[in-house]
Every structure is written in structure tokens, then in C-alpha cells.
1. Please enumerate the residues belonging to segment 283-318 that are more than 13 Å from ligand 2 (Cβ to nearest atom) and of a type in the set (S, T, Y).
2. Would you pick out the residues in segment 101-120 that are more than 16 Å from ligand 1 (Cβ to nearest atom) and under 19 Å from A272 (Cβ atoms)?
3. Pairs, please: C-beta under 7 Å, at least 6 apart or cross-chain, first residue on the phi > 0 side of the Ramachandran plot and in segment 65-81, second more than 9 Å from ligand 1 (Cβ to nearest atom)?
4. Return the only residue of G259, G330, G321 being more than 26 Å from L124 (Cβ to Cβ) and within 16 Å of ligand 2 (Cβ to nearest atom).
5. It is to be established whether one or more residues within segment 327-347 are assigned to a strand (DSSP E or B), in contact with a His (Cβ under 8 Å, 6 or more places away or on another chain) and within 16 Å of ligand 1 (Cβ to nearest atom).
6. I need a count of the residues in segment 41-80 that are polar (S, T, N, Q) and farther than 24 Å from G346 by Cα.
Amino acid sequence: MNVQELWEELHASPELSMHEVHTMEILEDYIRNETDLELYVENGWLYAAHEEPDADKTIVIRAEMDAIPKPGGGVFHGCGHDGHAAMAAGTAAALKGRKVGKNVIFLFQPGEEIGAGAAICLPLFDRYKVDMILACHNLPGYELGSFVYTENTFACASEGLKMSFTGRQSHAAYPEDGLNPAGCAAKTISELLQIAASLESTKGCRLTIVNVQVGNPDFGINPGFGSVSVTIRAENDGILKDLEHKVLQIAESSADQDGLGFTYNIKDPFHATVNDAELAERLSAAGKTAACSWIHEEAPVVRWSEDFGLFSDKAKAFYWGIGSGTNQPGLHTEQYVFPEDLLEKGIRIWLEMIRIA
Ligand SMILES: [Zn+2]
Ligand SMILES: [Zn+2]
């Protein structure tokens with residue numbers, strides 16, 4: 001099976017985060033048949049190791065396996081993880097019978113989209129002394145096959161905040177007997193929108209109101225509960241925590257003013273994906289020799305988040321981008337398909353990066 005055929009198989013069997021069962025089987029078959037790497041199948045994740053007795057370092061190349069829900073139902077590979085996994089497996093196949101002077105481990109991670117997968121792969125770092133961990137993502141809007149990098153933050157930190165207000169329910173005919181959180185929610189929203197507007201001039205920080213609720217459409221009831229949910233993001237974990245603090249303060253003080261109870265939950269937290277500056281500078285040379293163009297970007301390169309951020313606590317990390325075409329539909333849009341032409345281009349860059357790492 002060649003790498004195009006591998007991609008076609010992965011593409012045809014998209015699976016949601018943490019349910020990548022058939023995807024793992026496809027990758028296992030390919031690694032057994034097309035590479036001479038040692039295959040390790042774990043519970044929900046897998047890796048393949050190219051080991052050399054006189055290797056002086058260990059490199060991990062990480063690829064994701066999950067797909068996403070399709071608008072209107074179904075599942076599809078709307079982020080290109082089918083392509084990332086095929087590129088990594090194809091690179092593993094290209095190492096067959098070769099010596100590169102280092103150990104290279106190909107890690108196939110589940111559940112990136114929901115931020116749940118990286119954590120279950122952490123035992124890898126107990127088994128190997130990992131010197132560096134690398135990953136890439138295709139980037140619509142950049143020329144097909146271009147190499148995109150920064151020596152700083154690649155992808156932003158983000159989290160969801162659900163802020164809940166508790167008052168007292170009463171009959172809709174006697175609102176004066178209850179404590180309705182609608183005013184508090186409105187005040188909170190209006191202040192949060194001002195923060196959102198003030199963040200628009202920054203490259204990496206955003207506040208998006210994702211859900212608002214006060215009571216239900218039950219017309220006989222003056223509701224006693226409400227909530228405002230937001231997603232916040234920032235170019236590093238520290239700025240994100242400052243923003244979180246500001247948002248919570250606004251909600252809590254409006255609740256206090258109205259005599260309401262206040263609680264909050266944090267959902268889907270992602271660390272920022274921050275590159276090791278020295279490693280990024282050094283390995284970006286692979287883009288100069290092996291990619292069709294080379295783009296140094298201001299940090300953060302993208303505003304979305306990646307659970308790769310968790311790995312950068314364990315080893316030096318470098319996350320780079322590969323352009324998937326200027327006319328390519330955006331990630332997660334219904335029209336998105338990983339461009340097959342990118343497979344060989346990506347493998348060429350990975351091989352060069354392994355060589356100079
Ligand atoms: Zn995605
Ligand atoms: Zn993705």
C-alpha cells in the first residue's frame with residue numbers, strides 16, 4: 001500500500017475523538033506491512049519506533065487520528081488529521097532499512113479535537129528519554145506545500161467558562177416574590193462585549209460568547225437561574241489566566257449587586273502551543289531546503305488551540321505549519337478536504353527535519 005492509498009483508507013473511515021478504533025487498525029496494518037519499525041499498540045493510541053543502538057537522541061513525531069462532526073450529521077475529516085497521520089506513517093515507511101543516527105518515534109494520538117488525547121499518551125515520556133517532540137498542521141490560506149513557522153507561540157491557549165447565577169423562582173404573575181437573573185446576565189453580557197471589542201486589536205486574544213440562558217420558555221414562571229458561557233483565548237497561558245480573572249470578576253460582581261448566587265466551571269482547557277525558540281530556528285531550515293516556500297510568521301500563527309501544548313512540558317517542542325492552499329476551504333468547514341498532493345511534500349519536509357534534528 002502506498003501513502004496515497006493509506007490516506008484514502010483513513011479518509012474513508014473518519015471517527016470521532018477517542019473512538020479511533022478502525023483508524024488505529026488501518027495504521028497498524030500499514031506500519032506492519034510497509035515499515036520495519038517496532039509497533040506498540042496501547043489502549044486508544046499507538047506508536048512505532050525506529051531505534052538505532054548508537055543513536056544520540058530520540059525524536060518524537062506526533063500525528064492526530066480524530067475526525068469531527070459534520071454539519072447536519074455524520075463524521076468527516078474536517079481538520080486534515082487523516083493527512084497528518086498518513087504523512088507521519090509515510091515518513092516511517094521512508095525510513096525502512098535506513099540509518100539516521102537517532103531514534104525516531106511516530107506517535108499517533110487520539111482525541112486532539114476535544115483536548116483529551118495528549119494526556120493519555122504521556123506514558124511515552126516515561127519509557128523514552130525524549131529530546132524533542134515535533135508536530136505539524138496543514139494551514140488553509142497559505143500556498144500549497146509552504147513551510148510556516150514561528151519561534152514563539154504557534155497556537156493559542158483557550159478555555160470555556162460557564163458562569164451560573166442562582167436567584168429564586170416565583171410565579172410569573174408575582175415577579176416581586178422571586179429573584180430573576182436576567183438583568184445580571186444582561187449586564188454581564190454588555191460588559192463582556194466591551195472586553196471582546198477591546199481584544200479585537202490583538203492577534204491572539206479573543207472572547208466569544210457561546211451560550212446565554214435565563215430560565216426556559218415557560219411563560220408562567222419567573223426564573224431563578226441563568227448562565228453565560230464564553231470561550232476565551234490568548235497567546236500564552238499567563239495572559240489567558242489574567243483574562244479569565246477579569247471575566248469572572250465582572251460576572252461575580254454583577255451577581256453580588258443583584259444578590260444572586262454565583263458559581264463557574266472551566267471547560268475544554270488548552271495550554272498554548274509554544275515552540276522552543278532555539279529548536280524552531282534550527283529545524284526551520286528543513287523548510288528552506290524541502291518546502292516550496294518558507295514563511296516566518298509573527299506569533300501566534302493561529303488563534304485556535306492544540307493539545308500539543310501539553311507535550312511541551314515534557315520535552316523541547318516544535319510545531320510547524322504546512323500550507324494547504326490559498327483557495328483551500330477553512331479547517332472544520334463542511335467543504336474542507338485534506339489535499340492529497342500535500343502528502344509527498346510533507347514527507348519530504350519530515351525526512352529533512354529528521355536528518356538535521
Ligand atoms: Zn481541528
Ligand atoms: Zn487539527
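1. Listed by number, the residues that qualify are S284, T289, S293, S312.
2. A119, the sole residue that qualifies.
3. Qualifying pairs under 7 Å: G80/N138; G80/S324; G80/F338.
4. Of the residues listed, the single one that is more than 26 Å from L124 (Cβ to Cβ) and within 16 Å of ligand 2 (Cβ to nearest atom) is G330.
5. no
6. Matching residues across segment 41-80 total 1.
One line per residue, one yes/no per condition, for (1) free of Cβ contacts under 8 Å to residues at least 40 places away in the same chain; (2) away from ligand 1 (no atom under 16 Å from the Cβ); (3) surrounded by 15 or more Cβ atoms within 10 Å (Cβ to Cβ):
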residue: S254; (1), (2), (3): no, yes, yes
residue: Q257; (1), (2), (3): no, yes, no
residue: A291; (1), (2), (3): no, yes, yes
residue: R303; (1), (2), (3): no, no, yes
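Each row is one residue, and each column tells you yes or no for (1) within 16 Å of ligand 1 (Cβ to nearest atom); (2) in a loop (DSSP other than H, G, I, E, B); (3) crowded, with 21+ Cβ neighbours inside 10 Å.
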{"position": "T23", "(1), (2), (3)": "yes, no, yes"}
{"position": "Y40", "(1), (2), (3)": "no, no, no"}
{"position": "A49", "(1), (2), (3)": "no, no, no"}
{"position": "D56", "(1), (2), (3)": "no, yes, no"}
{"position": "K99", "(1), (2), (3)": "no, yes, no"}
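The values are calculated or read from the model by the stated rules, or taken from the named source; none is laboratory data. This one's a predicted model, so the numbers in the text were calculated from it and none came from an experiment. Ideal geometry is used to build each Cβ from the backbone, glycine not excepted, and the neighbour counts take in all protein chains shown.
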